[in-house]
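**Student:** If you scroll down you'll find the structure; I have some questions about it.
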Amino acid sequence: MSWVERLKGLLRPIDEIDSADRERLAAAVPCDPIASCEDRGRVVVRGTIGALTLRQRQDTPWLEAELSDATGSVTLIWMGRHEIPGIEEGRELLVRGRLSVADGVRRLYNPHYELV
């Protein structure tokens, strides 16, 4: 196989990467256990969406997703969104952002995410 063919294999669009490759890419990213994440800390967490909720806050929609791993859960909040393609119950995500803890509830506002 020539170097050009190898390069083409590495530069595939994300929608062409198969599930095994996605799993390897996600596993290569070190993640924080949700239960150990502290207030105002930058975190990278991985888990499964258990529930989706659409809330209205002063005429602005907020899409909320409960993300859980084996250690705990965090509420993901996207302000101004009714829905996000790919964000659905049972979906696994890799999420990055600054964690906020209020009244014992962990939250990530407008987090960066990758579908796993």
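**Student:** Amide H of Val116 versus every other amide H placed in the peptide plane: which residues, excluding those fewer than 5 positions away on the same chain, fall under 5 Å?
**Tutor:** Under 5 Å from the amide H of Val116: Glu92, Leu93, Leu94.
**Student:** Also, I was wondering about something else. Quick one: work out Rg over Rh on the C-alpha atoms of segment 46-116, Rh as Kirkwood radius.
**Tutor:** Result for segment 46-116 is an Rg/Rh of 0.94.
No lab work stands behind these numbers, since they all come straight from the coordinates. All values derive from a computational prediction rather than experimental measurement.
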